[in-house]
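Notes follow the structure.
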Amino acid sequence: MSLEVSIKKKYPAFTLDVAFEAGDETLGFLGASGCGKSLTMRCIAGIETPDEGRIVVNGQVFFDSERKINLKPQQRKTALLFQNYMLFPNLTVAENVGAGIGRDVAKGERDLIVSTELKRFGLEGFDKRYPAQLSGGQQQRVALARMLAARPGILMLDEPFSALDAHLKGVLEQNLVSLFDAYDGTILYVSHDIDEALRFCDRIAVVEAGHIMETGTGDDLVNRPQSLAGVKLSGCKNATPATRLDDHHVRLPKWGVDLETSAVVDTGVTHLGVRAFFLERADGPGTNVYRVRVDRVSDSRFDRTVLLGFLDRAQDEAPTVGADEDEMKYLHQHLFWRVDKLKTSLEELPYEGEELWVRIPPDKVYLVSR
């Protein structure tokens, strides 16, 4: 099984320009809303037509602008699952599951395929019911069963859990395990949730403004991001512009400080990132130790998130707060620190207005050049 995509599609304010390959794996597309993730899948499925490029699935050319090839969606044998599942309300569960099976398949074989998928997803005894008589979880299982019954050349799932609450999402995610275990081929999985992508995907493509910024394993994205988009989408709270001073030092103009790094600083470095839980409380001055003031605190069940202002920062960009338009500037000039409340005594938790020292470990920062 294989997938080759190299396409472009232009809109007045947006251009999709992506090129990638995938094999027998689950490839995730991670990015913010409107970045081009879903559009890429719709182009593969034939719902949208690229302006130029080429799409090949398992050796079959779906689209080739130079050769004037553009197969209809019905000819492409793809399965695209949307978050609303797109079940036919007037068809029974069994009829929905069989809806994607080709007309050339004999009735006996069709019935066997349907019964096999109903059993796989725990839907035995529901075959005569209609979608309106099912729970959300049961509807999802019907949609997944229909995908496999169609014997598609590629599976594509477009944020199937984005509208669900955390508890229901956790339960329904287990349905995907059955789907992925049963399918031998390429699966594309669209998400804006890093944890969801890490659970399901062998590799993850970071998408921003219609372009793939980097592709790698989940471990690569979390521990070795290669782009600013990757740093942010991996959940890193602190990402700031950086300029190279020498092989092991950068200047961070928005924070108003210089910082030492263990890694060699590339000449093209543009940004630095550091995770909020990597920060360390210090007793006094030292390498990468800064005097800060706690300007804000907010508590969750297990963490305290602290917003730190640099007290000895360069004064060319003094922090300001007040007008709404200054709020983002204010936040960008601060450092986010996440404190584990389960490991920190109440007396040691930082509080608003407190002045203290924090250290940024030189081996815990990310340096990116795009």
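The values are calculated or read from the model by the stated rules, or taken from the named source; none is laboratory data. A quick note: this is a predicted structure, and the numbers were derived from the prediction, not measured. Cβ sites come from the backbone with ideal geometry, for glycine too, and all protein chains shown count toward neighbours.
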Any chance GLY23 is small (Gly, Ala, Ser) and under 18 Å from the mean Cα position of the chain (by Cα)
no
For the stretch 259-283, how many residues are polar (S, T, N, Q) and either touching a helix residue (DSSP H, G or I) at 6+ places or on another chain (Cβ under 6 Å) or surrounded by 20 or more Cβ atoms within 10 Å (Cβ to Cβ) (or both)?
1
Could you check how many residues of the stretch 264-302 are over 31 Å from the mean Cα position of the chain (by Cα) and of a type in the set (Ser, Thr, Tyr)?
2
Hey, PHE14 among the aromatic types (Phe, Trp, Tyr), touching a Leu at 6+ places or on another chain (Cβ under 8 Å) and in the same structural domain as PRO131 (by TED's automatic domain parsing) or not
no
Filtering the stretch 6-28 down to residues that are assigned to a loop (DSSP other than H, G, I, E, B) and more than 20 Å from ILE194 (Cα to Cα) yields PRO12, ALA13, GLY23, ASP24
What number of residues in the stretch 184-222 are of a type in the set (Gly, Ala, Ser), crowded, with 20+ Cβ neighbours inside 10 Å and within 19 Å of ASP24 (Cβ to Cβ)?
3
Which residues, counting only those in the stretch 29-54, are hydrophobic (A, V, I, L, M, F, W, C) and assigned to a loop (DSSP other than H, G, I, E, B)?
ALA32, CYS35, ILE47
Find the strands (runs of 3 or more DSSP E) located wholly in the stretch 223-295 whose residues include 2 or more that are touching a Ser or Thr at 6+ places or on another chain (Cβ under 8 Å), and list them.
249-252, 271-274
Out of (1) at pLDDT 95 or above; (2) on the phi < 0 side of the Ramachandran plot, the odd one out for THR78 is which?
(1)
Would you point out the residue of the stretch 29-52, among those that are free of Cβ contacts under 8 Å to residues at least 60 places away in the same chain and of a type in the set (D, E, K, R), that is nearest to ILE204 (Cα to Cα)?
ARG42
Any idea which of (1) hydrophobic (A, V, I, L, M, F, W, C); (2) closer than 29 Å to GLU173 by Cβ; (3) surrounded by 15 or more Cβ atoms within 10 Å (Cβ to Cβ) is the one MET86 doesn't satisfy?
(3)
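For every residue, the table says whether it meets (1) touching a strand residue (DSSP E or B) at 6+ places or on another chain (Cβ under 7 Å); (2) closer than 24 Å to SER191 by Cβ; (3) of a type in the set (D, E, K, R).
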{"position": "ARG42", "(1), (2), (3)": "no, yes, yes"}
{"position": "ARG54", "(1), (2), (3)": "yes, no, yes"}
{"position": "ILE69", "(1), (2), (3)": "yes, no, no"}
{"position": "THR78", "(1), (2), (3)": "yes, yes, no"}
{"position": "LEU81", "(1), (2), (3)": "yes, yes, no"}
{"position": "PHE88", "(1), (2), (3)": "no, no, no"}
For the stretch 296-312, how many residues are in a strand (DSSP E or B) and acidic (Asp, Glu)?
2
Could you check, for the stretch 115-123, whether at least one of its residues is closer than 19 Å to GLN174 by Cβ, buried (at least 19 other Cβ atoms within 10 Å of the Cβ), touching a strand residue (DSSP E or B) at 6+ places or on another chain (Cβ under 6 Å) and of a type outside the set (S, T, N, Q)?
no
For PHE88, state whether it is among the hydrophobic types (A, V, I, L, M, F, W, C) and closer than 29 Å to THR116 by Cβ.
yes
Log entry, pairs with first residue in the stretch 10-24 being within 12 Å of VAL57 (Cα to Cα), second being acidic (Asp, Glu) and part of a strand (DSSP E or B), beta carbons closer than 8 Å, six or more apart or on different chains, reads GLU21/GLU4
Identity of the residue in the stretch 53-65, under 18 Å from VAL18 (Cβ atoms) and in contact (Cβ under 8 Å) with a residue 12 or more places away in the chain, that ends up surrounded by the most Cβ atoms within 10 Å (Cβ to Cβ)
PHE62
Lone unmet requirement of (1) within 21 Å of ARG146 (Cα to Cα); (2) under 21 Å from the mean Cα position of the chain (by Cα); (3) outside any strand (DSSP E or B) for GLN74:
(2)
From the set of residues in the stretch 81-108 that are assigned to a helix (DSSP H, G or I) and of a type outside the set (Gly, Ala, Ser), which is modelled with the lowest pLDDT?
LYS107
